[in-house]
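These notes are about the structure you will find just below.
Where a number appears in this text, it was derived from the coordinates with a stated rule and is not lab data. The shown structure was predicted, so the numbers you read here are calculated from the model rather than taken from an experiment. Please note: Cβ atoms are built from the backbone with ideal geometry, for glycine as well, and neighbour counts cover all protein chains shown.
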Amino acid sequence: MKEFLAVFVALLLGGTVAAAGPKPQPGTIISHTSVACGTKKSKKQDIDLLCQQYVVRSGATDYTIRQPKPAEQELIPLNSAIQFTLDKSKMKFKLNGTSVQFLVISQAAAPSGPATPVSSDLKR
């Protein structure tokens with residue numbers, strides 16, 4: 001009976017931790033570009049559609065994210081602080097009270113700051 005109770009408690013606690021979901025992480029939008037992400041057929045020509053692509057820096061990691069499909073969406077100002085969650089290949093965060101979702105295109109180590117020059121005091 002004690003074994004059953006111990007297993008039940010362990011499963012209950014494990015399920016609670018798994019159901020908690022990903023924790024929000026702080027990040028900052030550091031760059032923005034527009035990239036081609038499809039075409040639209042018109043009667044006489046093809047029109048290239050653009051999606052917004054951003055780089056979000058969080059700690060020592062840079063995430064490149066892109067709109068999942070072309071849509072009218074306001075641009076996110078540079079140096080905007082956000083709280084995001086990652087779910088598989090998607091980044092979710094709120095912007096001006098609206099929940100937005102982007103595709104994570106790549107993830108890379110953030111470059112370290114510029115190296116400080118080494119000063120040498122040579123006496124002549």
What ranking, highest mean first, results for peptides 31-44, 52-65, 72-85 when packing means the other Cβ atoms within 10 Å averaged over each residue?
52-65, 72-85, 31-44
Would you grab the residues whose amide H sits under 5 Å from the one on THR61? Only those 5+ places off in sequence or on another chain, please, with H modelled 1.01 Å from N.
ALA110
Share of alpha-carbon pairs per 5 Å distance bin for the stretch 21-109, given as whole %:
3, 13, 24, 26, 15, 8, 5, 4, 2, 0
In sequence order, what are the phi-derived ³J(HN,Hα) couplings for the stretch 71-77 according to the Karplus relation 6.51 cos²θ - 1.76 cosθ + 1.60 with θ = phi - 60°, rounded to whole Hz, with x for glycine and proline?
7, 6, 8, 5, 6, 8, x
